[in-house]
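Beneath this line is the structure, given in C-alpha cells, with notes to follow.
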Amino acid sequence: MKSIDEILKHYWGYDSLRSPQDRIIQEVLNQRDVLALLPTGGGKSLCYQVPTLVKQGFCIVISPLTALMEDQVQDLKRRGVKAMMVTSYQKKREVDYILNECVFGEVRFLYVSPERLKNDLFKARFKDMRPTLIAVDEAHCIAQWGHDFRPAYMEIAAIKEWHPEVPILALTATATDQVQKEIIASLQLHDPIQIAGNWLRPNLGYGVKNTEDKMGQLETYLEKIQGASIVYANSRARVEEIAKALNQKDIKAHYFHAGVAAFRKREVLAEWLENEVRVMVATNAFGMGINKPDVQSVLHWDIPNSPEAYFQEAGRAGRAGQKAYAILMVQQDEKAEGEERIRLQYPSREAILKVYQTVMDFFQLAIGNGQWENGELALDTWAERTGLSRQQVFHCLHTLERAQYFQLNEAAFQPSKVTYLFSSRQLLELKEKNRKWSAIVDIMLRMYGVNQALEVKVNENEMARNMRTSVDYVIQLLVGLQGIGAIQYEQQLMKPSLTLLLPRVHPASLLIPKTVLEDRYENDRRRWNKMWEYVDSPLCRSRAMSEYFDQIIPQDCGICDRCVEKQRQAASDDWKKHLLHLLSQKSMSWEACMQSCPSVSSDEVIEYLRNQLDFGIVIQNEGGELQKV
C-alpha cells in the first residue's frame, strides 16, 4: 500500500488533508463503518477516494444524481484513475460491459444510482466483485424524514449480504439526530463511528432581508459584493427572467436549469467557472459536485423548502475560506404561498392512479411487463389525456417515484451515443470512396476509436470545435452516417425521461403508502415552518440553524445580520451610556453634548436627548443646559 500523503500528492497535488478528513480516512482504512457529516465544500469525495487508492482497491459509490456521478467519473479519469458509472438510462448491453469490467478489469470506482441495486444483472455481477469499500453519498436520502428521501436507498443494506465484511462509509452534509439514527439503522452499520466536521463557518455571513423590491435589492447586493455569485430561484421561468434583468443592468449573468441543453450547460458553466461571467442564476440542483471555491455570495430569491436544502445551498459560498455571504430575500406573503405550493405537491390517490394508467397505456405495456423500460417524459400528452394540469401530472409522477414505481431522469445528463455498425476498415473505405464523410470519420476515429462491442458516448459540441464547423452540421453528418447503415446514432433528448422500476401492475395492486403521501406532506409542512422560524429568529443565524440540526456551537458567529445588528446596537448603547454618565456629573449645553460624541451625527444625539427629556430621565435647567436627574 502507498501512504495517504503519497496518494494525496500524486493524484490531487495536496500536501495534507483537512480535519476531519484525515480521521475519516484513517477509520475507513481500519475497516470501520463510518457516518461522516461534512458541510458543503468539506471534501466528502476524498474520504472514499483516498483510502480506495491507498489500498489499490475497488469502491462502489452510491449516488443519487447522474450529473454528480458524471462529474466525479470524469474528474477521476482526468487524474488517471479508472472509474465507471451505471445509471438507469443505460441499456443492458452497456451495463453488462461496465459490470464485467468491474469484475475482471482494473476499475477503481463504480458509481451507481440506488435504483440499479435492485436490478438482477447488477446483483449477479456484484456477487463476483471484490469491493474494499461501499460509499453512500448524500446518505440523508435513506431517511424517510430527511429532506430528500429516495426509497431506492433502502436497497443498499440488502447488497451487504454478499460482502458483509466490506466497510460502509455514509456521507452527508445535513442530518438531524433523528436522521442520523435512521441512516445507521437502515444501512445496518456495525458499531459505526460518527464523525462531524466543524459546524460553524466563521467566514460565512448569513442574512435575511425583508424587501418588496427583490430585483432592486439583488442589484444592490451584487454591486456591493464583488466576485462570483449564485442566485437561486424556484422555477425555470423565474431563473431566466432574473438573468435577463441582470444583463440589462450590465451585470453579466447566465442561467442554468434542467431544461437547458447539455452542450449549452457546459458552455455557461465553463464561462462561470473561469469568471468570464460573474453570476449564475439557477434552480436548486445547481452546485452539487461543482468545484468553485471562490464564490463570494449565494443569494436566494425564493426561500428553500427546508433548512437542510438552505444549509447545503448557502454553503456553496466561501469554500476557499474568504469572507462570503449567504442572504435570503423575503416577502411575508411568501409563507402562505409556500404552504399552498407544498399542498399541491401531494395529489389525490385518484389522480395518481389516473396518471399511472395513462403512462402505462402510452408505453403500450401489458400487466407484468415493462421493468427498466425507459422513455421520454410526455407531460403535455399525459396532461391532455388525464384532464389534469402539467404540474399535477408531474407531482403524480414524483409521488409514484417515491413509491418506487418510476424514476424520473433529467435528459440533459443523457449524452448522445453512437453504436458502430461498420468496422474501422469499412469506415476508412467509406472515407476513401466519398470525401463527404472524410472529416467526420477522421474525428470519430481520433476522438472515440471503434469498438463494436458497446455504445460510445459522443459530444457533438467538441466534435464541431475540432472540425471547425457548426454543431448542426456535425449532427447532420451523424444522421447521414446512420442513414447509410454505418452507425446507429442516438441524439441526446431535450426532455426529461422516465424509467419504470417495476413491471406494470393491476390498478387494484397500485399501493401508495401513507408515509409517501399523508405523512410526507405533514413533514414537508413542518420543515417549511422551521424555515420561517429561522427567518424570524432573533438569534445569531448560525446558532438558529445549528439548533435545527441538534448541534451546539460555543459562540455567536459575529458576522451574520443578527450579530452585526447586535454589535451596532452595542456601539450605540456605548455612546448613550457615555453621554448619560457625563450629564450625571455636570450640566452641559446641547452643543457640548454633541461634541462629546464625535462618532455620532448631531441629529442622532439631539433625537436621543429629546427622548430622554420626554421620559424625564434628563431635565433642562433655566440656563438651557441639560442634566441627568
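The values are calculated or read from the model by the stated rules, or taken from the named source; none is laboratory data. Keep in mind the model is a prediction, meaning the values are calculated, not measured. Every residue, glycine as well, gets a Cβ built from its backbone with ideal geometry; the counts of neighbours run over all protein chains shown.
What to note about this one:
- Selection status of SER537, over 28 Å from the mean Cα position of the chain (by Cα), among the hydroxyl-bearing types (Ser, Thr, Tyr) and surrounded by fewer than 17 Cβ atoms within 10 Å (Cβ to Cβ): no
- Among the conditions (1) touching a strand residue (DSSP E or B) at 6+ places or on another chain (Cβ under 7 Å); (2) aliphatic (A, V, I, L, M); (3) without any contact (Cβ under 8 Å) to a residue 60 or more places away in the chain, the only one that LEU408 does not satisfy is (3).
- The requirement of being closer than 30 Å to ILE512 by Cα and over 31 Å from the mean Cα position of the chain (by Cα) is not satisfied by ASN434.
- Here GLN612 meets the list (1) assigned to a helix (DSSP H, G or I); (2) surrounded by fewer than 16 Cβ atoms within 10 Å (Cβ to Cβ); (3) touching a strand residue (DSSP E or B) at 6+ places or on another chain (Cβ under 8 Å) almost entirely, failing just condition (2).
- Candidates ALA320, ALA314, filtered to the one that is hydrophobic (A, V, I, L, M, F, W, C), in contact with a Ser or Thr (Cβ under 9 Å, 6 or more places away or on another chain) and not assigned by TED's automatic domain parsing to the domain that holds GLY387: ALA314
- Whichever residue in the stretch 226-283 is polar (S, T, N, Q) and buried (at least 17 other Cβ atoms within 10 Å of the Cβ) and, among such residues, is farthest from the chain's Cα centre (by Cα): SER229
- The listed residue being β-branched (Val, Ile, Thr) and modelled with pLDDT of 90 or more, out of VAL330, VAL418: VAL330
- In the stretch 502-560, of all residues being β-branched (Val, Ile, Thr) and touching a helix residue (DSSP H, G or I) at 6+ places or on another chain (Cβ under 8 Å), the one that is nearest to GLY205 (Cα to Cα) corresponds to ILE553.
- Selection of first residues in the stretch 332-357 that are within 28 Å of VAL505 (Cα to Cα) and of second residues that are modelled with pLDDT under 95 and of a type in the set (Phe, Trp, Tyr), restricted to Cβ pairs under 6 Å at least 6 apart or on distinct chains, gives the following pairs, ordered by first then second residue: TYR346/TYR521.
- Residue count for the stretch 177-225 satisfying the condition of being assigned by TED's automatic domain parsing to the domain that holds ALA157, part of a helix (DSSP H, G or I) and buried (at least 17 other Cβ atoms within 10 Å of the Cβ): 7.
- Restricting SER389, SER423 to those that are within 22 Å of GLY259 (Cα to Cα), out of contact with any strand residue (DSSP E or B) (no Cβ under 6 Å at 6 or more places or on another chain), of a type outside the set (Lys, Arg) and surrounded by fewer than 18 Cβ atoms within 10 Å (Cβ to Cβ) reduces the list to SER389.
- Screening GLU490 with (1) surrounded by 14 or more Cβ atoms within 10 Å (Cβ to Cβ); (2) modelled with pLDDT of 90 or more gives one miss only, at (2).
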